[in-house]
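The values are calculated or read from the model by the stated rules, or taken from the named source; none is laboratory data. Keep in mind that what you see is a predicted model, and the values were worked out from it rather than measured. With ideal geometry, Cβ positions are generated from the backbone for all residues, glycine too; neighbour counts draw on all protein chains shown. Ligands, DNA and RNA are stripped out before the accessible areas are found, and what is left, the full protein with its side chains, is counted by its heavy atoms. Shrake-Rupley method; radii C 1.70, N 1.55, O 1.52, S 1.80 Å.
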Amino acid sequence: MSFLDAPKVVTSRFEHDDSHTLSRFLATGGYDALRKALGMHPEQVAAEVDTSGLLGRGGAGFPTGRKWSMLRPAPVRYLVINGDESEPATFKDHAILTRDPHQLIEGAVIAAYAVGAMQVFLYVRGEFALGLERVQAALNDAYRHGAVGRDIFGSGFSVDIVVHPGAGAYICGDETGLLESLEGKRGFPRIKPPYYPAVMGLYMEPTVVNNVETISSLPWIVNHGGAALAALGEPTSTGTRIFALAGHVRRPGNYEIEMSKPTFRDLIYSPELGGGVRDGNAIKAVIPGGASSPWIGPEQLDIHLDQKAVQDAGTMLGSGSVVVMDERTCMVRAAWRISRFFHRESCGQCTPCREGSGWVEKVLRRIEAGQGREEDLDLLLDVCDNISPDLVWPPKQTTICPLGPSIPPAVVTSMRMYRDEYLLHIKDGACPHG
Ligand SMILES: Cc1cc2nc3c(=O)[nH]c(=O)nc-3n(C[C@H](O)[C@H](O)[C@H](O)COP(=O)(O)O)c2cc1C
Ligand code: SF4
């Protein structure tokens with residue numbers, strides 16, 4: 001079986017124009033998994049998720065079953081679904097919110113039942129106007145249908161779901177920043193320890209935070225069994241995953257494919273997927289897993305789309321966003337744009353992140369503008385080293401949240417791969433790409 005033939009776990013309804021409606025959802029087996037789950041013991045449902053090997057799709061790739069098992073015993077528990085998705089070039093959760101909101105709601109109720117949550121909060125990026133509209137409409141329909149609220153499908157289990165729009169801050173995607181924001185405060189991430197959500201989460205109660213795609217995978221797992229998901233991919237990365245492919249490919253878009261089997265080359269060049277690079281150009285670099293990930297070069301395209309394989313290669317799959325940069329791309333400008341994003345989004349609590357991001361952004365900007373000095377290259381590395389000591393992978397963290405150590409990878413890898421291009425900007429006093 002080719003990796004292209006794997007079943008669609010989360011995007012099976014995307015081909016229908018009315019995929020967001022209750023009628024389409026019910027006509028395609030929607031809410032069957034919830035009825036099945038409610039007939040099982042909650043621990044059985046959790047055991048199926050554990051068996052599936054499902055890794056969280058939000059960025060860190062933590063096993064979902066293990067996360068659930070870490071919940072502290074307590075009468076009040078919350079489930080929080082992370083739909084903030086503010087990472088540049090990541091657009092998979094938005095697709096789920098707009099095109100299959102009922103699947104997400106079904107997954108949310110299944111998860112709430114499995115972990116014993118009495119309330120679900122769905123935190124959605126505020127700019128997702130259509131996503132918010134669709135998910136709210138679907139929620140109203142789901143309440144009327146008896147799939148959410150009191151005594152769901154006559155099972156005796158009750159849970160409410162509240163949709164909470166964000167207000168345009170990337171840092172509210174960090175799970176503890178998100179919890180602060182939900183509590184009505186400024187989205188300042190909390191220090192771990194002690195504020196692990198499973199122990200001291202929302203309103204200081206045990207809380208599970210899961211990504212939209214993670215939760216949307218649950219109906220398929222309940223319907224087919226955890227072992228069926230585990231049979232896809234490899235034990236190090238089971239199932240399928242949506243890769244948000246962007247940049248200089250012919251066919252950018254969201255592609256749900258089997259994990260582990262295909263490589264970056266398959267994703268970028270398969271005619272059914274990326275379809276190759278624009279104008280037949282050569283690839284210069286690829287950002288393999290979101291803005292925080294170290295870049296890979298054209299000689300690394302045969303790495304498999306597997307969490308461990310990518311980690312072993314010194315980078316990460318992260319949020320599933322893959323950005324292709326072709327030979328016409330200025331590497332300094334690309335690194336500068338990423339550093340500018342982090343500088344703008346730093347919440348300012350930690351000195352290395354708040355100050356370091358500003359230094360990196362300014363120095364890169366002046367190099368790109370042709371006003372840099374050769375000493376700037378050492379200066380950049382020095383500042384990056386102060387943000388994340390030794391510039392190793394996985395990065396060392398001296399800050400409250402992982403946004404700080406997310407700043408150096410683009411800078412350091414672009415300098416390692418294309419130092420000549422940095423020097424050319426300095427020598428010529430201009431960007432060689434115009
Ligand atoms: C700065 C920052 C931004 C993040 N943004 C998101 C986001 O938009 N969506 C998301 O699901 N996880 C995001 N995460 C990861 C979350 O903290 C958390 O690990 C995730 O929601 C857990 O869900 P999962 O286990 O299902 O992957 C972010 C982390 C950091 C440090
Ligand atoms: S690392 Fe940056 S974003 Fe994270 S808490 Fe510190 S200052 Fe805020």
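Name the residue that is farthest from Leu403 (Cα to Cα), counting only residues in the stretch 56-81 that are within 21 Å of the chain's Cα centre (by Cα) and among the charged types (D, E, K, R).
So, considering only residues that are within 21 Å of the chain's Cα centre (by Cα) and among the charged types (D, E, K, R), the one farthest from Leu403 (Cα to Cα) is Arg66.
Just to be sure I understand the filter: pairs with C-beta atoms under 6 Å, separated by 6 or more residues or on different chains, first member in the stretch 269-292 and hydrophobic (A, V, I, L, M, F, W, C), second member open to solvent by 10 Å² or more (accessible area, probe 1.4 Å) and at pLDDT below 95. Which pairs pass?
Ala291/Pro88
So, Val383, is that one β-branched (Val, Ile, Thr) and in contact (Cβ under 8 Å) with a residue 40 or more places away in the chain or not?
For Val383, the condition - β-branched (Val, Ile, Thr) and in contact (Cβ under 8 Å) with a residue 40 or more places away in the chain - is not met.
So the check is Cβ under 6 Å with 6+ separation or different chains; which pairs have a first residue in the stretch 147-173 that's over 30 Å from Gly39 (Cα atoms) and assigned to a loop (DSSP other than H, G, I, E, B) and a second one that's of a type outside the set (Val, Ile, Thr) and within 16 Å of ligand 2 (Cβ to nearest atom)?
That search, which allows pairs on different chains as well, returns Gly166/Asp84; Gly166/Cys172; Ala169/Gly187.
Please indicate, with yes or no, whether at least one residue in the stretch 341-348 is touching a helix residue (DSSP H, G or I) at 6+ places or on another chain (Cβ under 8 Å), open to solvent by 10 Å² or more (accessible area, probe 1.4 Å), of a type outside the set (Gly, Ala, Ser) and within 21 Å of Gly434 (Cβ to Cβ).
The answer is no, given that none of the residues of the stretch 341-348 is touching a helix residue (DSSP H, G or I) at 6+ places or on another chain (Cβ under 8 Å), open to solvent by 10 Å² or more (accessible area, probe 1.4 Å), of a type outside the set (Gly, Ala, Ser) and within 21 Å of Gly434 (Cβ to Cβ).
Could you give every pair whose Cβ atoms fall below 8 Å, whose first residue belongs to the stretch 194-213 and is under 17 Å from Arg57 (Cα atoms), and whose second residue is of a type in the set (Phe, Trp, Tyr), counting only separations of at least 6 or pairs across chains?
Val208/Trp68; Val208/Tyr78
Within the set of pairs 6 or more residues apart or between chains, which connect a residue that is farther than 18 Å from Asp93 by Cα inside the stretch 41-65 to a residue that is open to solvent by 80 Å² or more (accessible area, probe 1.4 Å) with Cβ atoms less than 6 Å apart?
Matching pairs, first to second residue: Gly65/Asp50.
Can you name every residue in the stretch 394-434 that is assigned to a loop (DSSP other than H, G, I, E, B) and under 19 Å from the mean Cα position of the chain (by Cα)?
Result: Pro394, Pro395, Cys401, Pro402, Leu403, Ile407.
Give the residues of the stretch 95-109 that are buried (at least 24 other Cβ atoms within 10 Å of the Cβ) and either assigned to a helix (DSSP H, G or I) or at positive phi (or both), sorted by residue number.
Once the filter is applied, which keeps residues that are buried (at least 24 other Cβ atoms within 10 Å of the Cβ) and either assigned to a helix (DSSP H, G or I) or at positive phi (or both), the stretch 95-109 yields Ile96, Leu97, Pro101, His102, Gln103, Leu104, Ile105, Glu106, Gly107, Ala108, Val109.
Go through the stretch 233-257 and give me each residue that's over 18 Å from Ser321 (Cβ atoms), buried (at least 22 other Cβ atoms within 10 Å of the Cβ) and either in contact with a Ser or Thr (Cβ under 6 Å, 6 or more places away or on another chain) or free of Cβ contacts under 8 Å to residues at least 12 places away in the same chain (or both).
Gly233
Please enumerate the residues belonging to the stretch 116-141 that are within 20 Å of Leu178 (Cα to Cα) and either assigned to a helix (DSSP H, G or I) or touching a Cys at 6+ places or on another chain (Cβ under 6 Å) (or both).
Scanning the stretch 116-141 gives Ala129, Gly131, Leu132, Val135, Gln136.
Tell me yes or no: at least one residue of the stretch 266-281 is of a type in the set (S, T, N, Q), under 13 Å from Val324 (Cα atoms) and open to solvent by 10 Å² or more (accessible area, probe 1.4 Å).
Scanning the stretch 266-281, I find at least one residue that is of a type in the set (S, T, N, Q), under 13 Å from Val324 (Cα atoms) and open to solvent by 10 Å² or more (accessible area, probe 1.4 Å), so the answer is yes.
If I filter the stretch 211-225 for residues that are in a loop (DSSP other than H, G, I, E, B) and within 16 Å of ligand 1 (Cβ to nearest atom), do I get at least one hit?
Within the stretch 211-225 (the criterion being in a loop (DSSP other than H, G, I, E, B) and within 16 Å of ligand 1 (Cβ to nearest atom)), the answer is yes, since at least one residue qualifies.
Going through the stretch 198-232 one residue at a time, which ones are acidic (Asp, Glu) and open to solvent by 10 Å² or more (accessible area, probe 1.4 Å)?
Glu205 - this is the single residue of the stretch 198-232 that is acidic (Asp, Glu) and open to solvent by 10 Å² or more (accessible area, probe 1.4 Å).
The rows are residues; the columns are (1) within 24 Å of Glu299 (Cβ to Cβ); (2) away from ligand 2 (no atom under 14 Å from the Cβ).
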{"residue": "Glu368", "(1), (2)": "no, yes"}
{"residue": "Arg373", "(1), (2)": "no, yes"}
{"residue": "Ser388", "(1), (2)": "no, no"}
{"residue": "Cys401", "(1), (2)": "no, no"}
{"residue": "Asp420", "(1), (2)": "yes, yes"}
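Determine which member of the set Arg373, Arg340 is within 26 Å of the chain's Cα centre (by Cα) and of a type outside the set (Val, Ile, Thr).
Going through Arg373, Arg340 in turn, the sole match is Arg340.
Cβ-Cβ below 9 Å, separation at least six or inter-chain, first residue in the stretch 334-353 and touching a residue at least 12 places away in the same chain (Cβ under 8 Å) and among the aliphatic types (A, V, I, L, M), second within 15 Å of ligand 1 (Cβ to nearest atom) and open to solvent by 30 Å² or more (accessible area, probe 1.4 Å): which pairs?
Ile338/Pro88
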